[in-house]
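Taking it in order: structure first as structure tokens, then the write-up.
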Amino acid sequence: MPELAFSRRAALRGLGAAGLLAALTGCGVPAAYVPEDRRQGQDLSDRDRSIAFSNWPLYIDTDDQDEESRPTLEAFTKKTGIEVRYTEEINDNDEFFGKVSPALMNHQSTGHDLVVVSDWMAARFVHLGWAQKMDRSAQGNVARHLDPQLRSPAFDEGRLHTVPWQSGITGIAYNRKALGREIKSVKDLWQPDLAGKVTLFSGLDESFALLMQGNGADVTRWTETDFHRMCDQVESMVKKRHIRRFTGNDYTSDLSKGDVLACQAYSGDVIQLQADNPDIEFVVPEEGAELWAESLLVPNLARHKANAEALVDYYYEPAVAAELAAAVNYVCPVPAAREVLAASPDKETALLAENPLIFPDDGMRKRLVVARDISSAERSSFAKRWNSIVGL
């Protein structure tokens, strides 16, 4: 299972990335924007049966006896003859953006055929025209099996340029036994008995949607007024010392040790925490919670686009998606994988099919939404306001 100390929803730190993105824009139109007809380079897939695939650490299945072995990738190579050069070089969204942006701005290949970045970072690639449109006619599994709730995010309508790798929910985790009551709403975080025992995420992109939902905002089309109302509320709680601190993924340690009783949390992390402490619960609040994804995309001028598209479609075979879901325990973007897991002769694996944090039930889905991303025009001022509260 993935290490709890590692955050794939890496926090936005300072204004570095916001400043870089702002430098790429002028009059609301990205200066480095690449039109669709200039994104594709010479595709060597037919004569070079390989692919360069970059992902986050600990975000794929491994063999229990050999951590260097990745069974689903090895099965793909055996099935197709395509060798996968798999690297775990993405440790932070902004860091990776800074690494590849010089090449993409200058219409050069990055050396990557397929990458996984968080949805808000995928939005930057799409808005800048740095992600190629995938050939869905060659991706029948994606067309058939992609979760309907993830099919058309605001930043990539129709999912033409991106495909979810895994998904998840930003909600609330709390220690029911230690707190002595239920948490049902974001508003419950602000009750007096939680003073000094609450943490929020430090990253703007990770935090804002859930907190706005707590105020009744429609995060599919939130406004500047919604944003500043949320910031005013959080700033007030900071001044009252109600919020213990702002965190990355280290919130899991605070919760496990009892230093905090309630916090913003990711569904995948809580599944792992519950294995050691069944008193920890995860809540999709009454007002709703954010459903997010980390997305696969093919950068401009990738040398093996067709091979990359084949790998993406392979992971949307329900049996393969089930194997990956059983390994990483995030929300599976392939609902049909649930039946595969349910039929497993291994009881522990079969139980995963009943876990709503991997396969949300209908009641939970009604409260899950995909938030609109922060636009390039908004990012600099919004990040400045948020970071002044967080203390970054």
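Values for this structure:
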read-out	value
DSSP beta bridge pairing in the chain, given as percent antiparallel to the nearest 5	65 percent
Alpha-carbon spread of the chain, three principal axes, descending order, Å	65, 59, 33
Options Gln108, Ala293, Leu189, ranked by Cα towards positive dipole end of the chain, top entry (Cβ charges)	Leu189
Table column - 3J(HN,Hα) (Hz), segment 185-193, Karplus curve with 6.51, -1.76, 1.60, x for Gly and Pro	9, 4, 4, 5, 5, 9, 5, x, 6
Karplus 3J(HN,Hα) series, Hz, for segment 300-311 with 6.51 cos²θ - 1.76 cosθ + 1.60 (x for Gly, Pro)	3, 6, 4, 7, 9, 4, 5, 5, 5, 5, 5, 5
Cα convex hull volume per residue for segment 167-248 (Å³)	105 Å³
Karplus 3J(HN,Hα) series, Hz, for segment 174-179 with 6.51 cos²θ - 1.76 cosθ + 1.60 (x for Gly, Pro)	7, 9, 4, 5, 5, 6
Expected-Rg normalisation [2.2 N^0.38 Å, Cα atoms] applied to segment 301-382	1.46
Stokes-Einstein D for segment 123-278, Kirkwood Rh over Cα pairs, 20 °C, 1.002 mPa s (µm²/s)	121 µm²/s
Dipole moment magnitude, nearest 20 debye, segment 100-197 about Cα centre, only Lys, Arg, Asp, Glu C-beta charged	360 debye
Listed pairs Lys79/Lys133; Lys99/Lys257; Lys187/Lys384; Lys99/Lys133 exceeding 28 Å between Cα atoms	Lys99/Lys257
Quotient of Cα Rg and 2.2 N^0.38 Å for segment 215-344, N being how many residues it contains	1.39
Debye, to nearest 20: dipole size of the chain, +1 on Lys, Arg Cβ, -1 on Asp, Glu Cβ	1220 debye
Burial order of peptide ranges 281-291, 134-144, 340-350 (average beta-carbon count within 10 Å, highest first)	281-291, 134-144, 340-350
Sum of -39500 (n - 2.57) over DSSP H runs of 4+, divided by residues of the chain (222 nm, nearest 500)	-10500 deg cm²/dmol
Dipole moment magnitude, nearest 20 debye, segment 266-392 about Cα centre, only Lys, Arg, Asp, Glu C-beta charged	740 debye
Rounded FRET efficiency, nearest 0.05, which uses the C-beta distance separating Glu74 from Gln42 and R0 of 25 Å	0.35
Lys/Arg +1, Asp/Glu -1 at C-beta; segment 62-176 dipole; positive extreme among Ala75, Thr170, Pro148	Pro148
Segment 207-288 - convex hull of the alpha-carbon atoms, volume per residue in Å³	102 Å³
Ordering of 96-107, 250-261, 55-66 by burial proxy (mean other Cβ atoms within 10 Å per residue, highest first)	250-261, 96-107, 55-66
Sulfur and carbon atoms: percent of accessible area, the chain [1.4 Å]	48 percent
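The values are calculated or read from the model by the stated rules, or taken from the named source; none is laboratory data. What you see is a predicted model, and the numbers here were worked out from it, not measured in a lab. As a convention, Cβ positions derive from the backbone with ideal geometry for all residues, glycine included, and neighbour counts pool all protein chains shown. Just so you know, the surface numbers come from the protein's heavy atoms only, side chains and all, with ligands and any DNA or RNA stripped out. Shrake-Rupley method; radii C 1.70, N 1.55, O 1.52, S 1.80 Å.
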